[in-house]
Amino acid sequence: MKIEFKKVPQSPKSFSSEYHSVKIEGTFCKISPTLVKIDSTLAGNMDVTCCRCGEEESITLDEELNFLVSDGIYKSESDDLVIEVYDGIIDFDEIIESEISSEISDYHICEKCANIDLIEKEF
Ligand SMILES: [Zn+2]
């Protein structure tokens, strides 16, 4: 789903989109002329590869994903997650795809490797 930045309403509007088998659902609204706030949840199953051992496993996602979308470069010192768009179009599919790959699959550690970490810490 795509929406033009200038067409985003000031009152929250719901949306849903899907990337592979992960569903993103939530609301979006304009909070300033150049900022859109998105509150959403990611839900579904996805196959991810462990970044340690390369083993693939299926995980169930149920995560909140709240972020801002800025029309152009966003200048602020805050820690908020801000996604910058440069063509005036908010592409939800692209956002979910990049969020899933950067937040989850790039740093995924499988249970086995996580347990090894625990054991190493204990001794
Ligand atoms: Zn692993």
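So which lysines pass the test for K30, namely a Cα distance under 27 Å, with those fewer than 8 places away in the same chain ruled out? Partners within reach: K2, K6, K7, K13, K75. Candidates G44, L68, V8 compared by Cα position along the dipole of the chain: farthest toward the positive end lies V8, with charges placed on Cβ. Element breakdown for region 27-82 at a 1.4 angstrom probe: carbon and sulfur atoms account for 43% of the accessible area.
Can you tell me the orientation of helix 111-122 relative to the chain, as the angle in degrees between its alpha-carbon axis and the longest Cα principal axis, to the nearest 10? With both axes taken from Cα atoms, the answer is about 70 degrees.
A straight chain from K112 to D47 at 0.36 nm per residue would run longer than the Cα-Cα distance by 21.8 nm. Taken about its Cα centre, the chain carries a charge dipole of roughly 660 debye when the Cβ of each Lys and Arg holds +1 and the Cβ of each Asp and Glu holds -1. Excluding ligands, DNA and RNA, the accessible surface per residue across the chain is 65 Å² with a 1.4 Å probe.
The values are calculated or read from the model by the stated rules, or taken from the named source; none is laboratory data. Because the structure is predicted, anything quoted here is derived from the model rather than measured. Counting neighbours? That spans all protein chains shown, and the Cβs are built from the backbone with ideal geometry, glycine included. Each accessible area value is taken on the protein alone, full model and side chains, heavy atoms only, with ligands, DNA and RNA left out. Shrake-Rupley method; radii C 1.70, N 1.55, O 1.52, S 1.80 Å.
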